[in-house]
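Below is one structure, written out as structure tokens; the observations come after it.
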Amino acid sequence: MASSFSFFFLMLLPLAVISAVTPCPPSQRAALLAFKAALTEPYLGIFNTWNTTDCCASWYGIACDPTTGHVTDVNLRGESQDPMFQKLGLSGYMTGKISPEICTLSNLTSLVVADWKAISGEIPACVTSLSSLRLLDLAGNRIAGEIPTEIGNMRSLSVVSLADNEISGEIPTSIVNLRRLMHLDLSNNQVSGEIPYDFGKLRMLSRALLSGNQLTGSIPKSISRMKRLADLDVSLNRLTGSIPAELGKMKVLSTLKLDGNSMTGPVPSTLLRNTGMGILNLSRNGFSGTIPDVFGAGSYFMVLDLSFNNFSGRIPASLSASKFMGHLDLSNNHLCGAIPIGSSFEHIDAASFSNNDCLCGNPLKAC
């Protein structure tokens with residue numbers, strides 16, 4: 001019995017070896033060469049390896065399914081730890097455009113063409129046909145145009161990074177159909193319009209980085225239903241309205257950056273009471289009212305920045321009971337009265353309390 005099994009296993013070995021070296025189909029090689037032809041990389045020579053008949057064998061940045069030979073990964077990153085980059089002491093620079101030919105690689109699971117600084121053109125609309133794509137990273141280029149409206153068809157996507165480009169237009173409403181999406185980075189573009197009202201349908205999302213755009217409207221209340229969201233950054237936009245109190249009840253949310261908008265109203269006490277909140281930046285808005293006196297021994301802020309608003313009244317005495325206060329900035333408001341005494345304030349300098357109406361006490365002048 002054992003000898004029969006051994007014979008059967010040995011018979012399979014040649015098949016395994018053959019399947020492990022299955023070359024890529026000629027059509028896929030042709031698609032990659034068309035993709036390469038639309039790009040120019042003058043310094044590192046990463047495309048010099050793209051000169052053999054088999055694109056699955058030692059082509060830089062290309063990986064294939066070992067059984068079928070179909071291309072599964074295009075991974076070209078201009079900021080890389082690759083020895084080729086380190087030896088020359090250069091970061092990547094590439095011009096040209098992303099050819100629609102890339103869309104013929106129907107088995108792609110990752111498409112990374114990031115940090116090349118000068119790739120322009122638009123995102124090919126046909127990428128929405130890549131139903132197996134899990135990672136789309138085109139950050140750090142000069143890509144313009146709009147996000148494809150049918151991006152919601154790409155149901156396998158878990159990471160979308162388009163940061164640091166020149167992308168315009170609105171966030172497509174179909175994006176809420178990406179139910180596996182965990183990381184979304186659209187920061188530092190020219191994206192306009194409102195955040196989709198049903199953005200909260202992205203229940204798997206843990207990071208939503210939308211800063212440095214031209215977004216308008218208010219923060220959708222539906223975001224509070226995102227149970228995995230840990231990092232929400234919508235700073236440096238044109239958002240208005242108030243902070244939904246529901247955000248303060250999110251158990252996983254630990255970083256909230258709303259700075260540099262035109263938001264108004266009071267700060268919900270739920271937000272400051274949330275002991276999981278570690279970085280809260282509400283600076284440079286039009287928030288008003290008193291700062292809720294709801295801090296306690298569970299409060300642990302690496303950053304609490306409420307500067308450049310219209311807060312009035314006293315600094316909450318309960319702030320002194322905080323477990324930790326790394327960076328505190330209450331400057332440029334209308335606060336008045338004595339600065340609380342406590343270990344949380346011992347390392348805070350005068351600049352953090354400057355330009356208020358009538359604050360006094362250490363580190364400012366005595367009351």
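The values are calculated or read from the model by the stated rules, or taken from the named source; none is laboratory data. Predicted model, so just to flag it, every value in this text is computed and none were measured. So basically every Cβ, Gly included, is an ideal-geometry build from the backbone, and we count neighbours across all protein chains shown.
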From the list Ser262, Ser288, Ser307, Ser299, which residue is more than 21 Å from Lys365 (Cα to Cα), of a type in the set (Ser, Thr, Tyr), in contact with a strand residue (DSSP E or B) (Cβ under 9 Å, 6 or more places away or on another chain) and surrounded by 17 or more Cβ atoms within 10 Å (Cβ to Cβ)?
Ser299
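A quick yes/no check of all residues on (1) within 24 Å of the chain's Cα centre (by Cα); (2) among the acidic types (Asp, Glu):
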| site | (1), (2) |
| --- | --- |
| Asp259 | yes, yes |
| Ser262 | yes, no |
| Asn281 | yes, no |
| Ser312 | no, no |
Residues being without any contact (Cβ under 8 Å) to a residue 40 or more places away in the chain and acidic (Asp, Glu) - total across the stretch 184-205:
2
Quick one: which of Phe85, Phe8 is over 28 Å from the mean Cα position of the chain (by Cα) and either farther than 25 Å from Ala144 by Cα or at pLDDT 95 or above (or both)?
Phe8
Restricting attention to the stretch 121-171, report how many residues are among the polar types (S, T, N, Q) and within 16 Å of Ala208 (Cα to Cα).
2
Near pairs, Cβ below 9 angstrom, 6+ apart or cross-chain, from the stretch 232-244 (in contact (Cβ under 8 Å) with a residue 24 or more places away in the chain) to any residue that is part of a loop (DSSP other than H, G, I, E, B) and of a type in the set (Asp, Glu):
Ser235/Asp259; Leu236/Asp259
Quick check on Leu328: is it of a type outside the set (Gly, Ala, Ser), touching a helix residue (DSSP H, G or I) at 6+ places or on another chain (Cβ under 6 Å), surrounded by 14 or more Cβ atoms within 10 Å (Cβ to Cβ) and under 12 Å from Leu304 (Cβ atoms)?
yes
Residue satisfying all of: in the stretch 152-177; surrounded by fewer than 22 Cβ atoms within 10 Å (Cβ to Cβ) and among the polar types (S, T, N, Q); farthest from the chain's Cα centre (by Cα) among these
Asn153
Could you list, in sequence order, all residues of the stretch 34-69 that are surrounded by fewer than 19 Cβ atoms within 10 Å (Cβ to Cβ) and more than 18 Å from Thr95 (Cα to Cα)?
Thr49, Asn51, Thr52, Thr53, Asp54, Ala57, Ser58, Ala63, Asp65, Pro66, Thr67, Thr68
Quick check on this structure: which one of Leu111, Leu135, Leu209, Leu181 is more than 22 Å from Gly78 (Cα to Cα) and either without any contact (Cβ under 8 Å) to a residue 24 or more places away in the chain or surrounded by 16 or more Cβ atoms within 10 Å (Cβ to Cβ) (or both)?
Leu181
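Test Ser331 against the stated conditions and say whether it is closer than 20 Å to Leu209 by Cα and either at pLDDT 95 or above or of a type in the set (Val, Ile, Thr) (or both).
Considered against the rule, which asks whether it is closer than 20 Å to Leu209 by Cα and either at pLDDT 95 or above or of a type in the set (Val, Ile, Thr) (or both), Ser331 comes out as no.
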Filter the stretch 221-243 for residues that are surrounded by fewer than 17 Cβ atoms within 10 Å (Cβ to Cβ) and over 18 Å from the mean Cα position of the chain (by Cα) and give the result.
Lys221, Arg225, Arg238, Thr240, Gly241, Ser242
Considering only the stretch 258-307, give the strands (runs of 3 or more DSSP E) lying wholly within it that have at least 2 residues that are without any contact (Cβ under 8 Å) to a residue 60 or more places away in the chain and farther than 14 Å from Leu247 by Cβ.
286-290, 300-305
Within the stretch 327-367, which residues are within 35 Å of the chain's Cα centre (by Cα) and on the phi > 0 side of the Ramachandran plot?
Asn332, Asn355
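If I filter the stretch 138-151 for residues that are in contact (Cβ under 8 Å) with a residue 24 or more places away in the chain, closer than 26 Å to Leu282 by Cβ, crowded, with 19+ Cβ neighbours inside 10 Å and among the β-branched types (Val, Ile, Thr), do I get at least one hit?
No, because not a single residue in the stretch 138-151 is in contact (Cβ under 8 Å) with a residue 24 or more places away in the chain, closer than 26 Å to Leu282 by Cβ, crowded, with 19+ Cβ neighbours inside 10 Å and among the β-branched types (Val, Ile, Thr).
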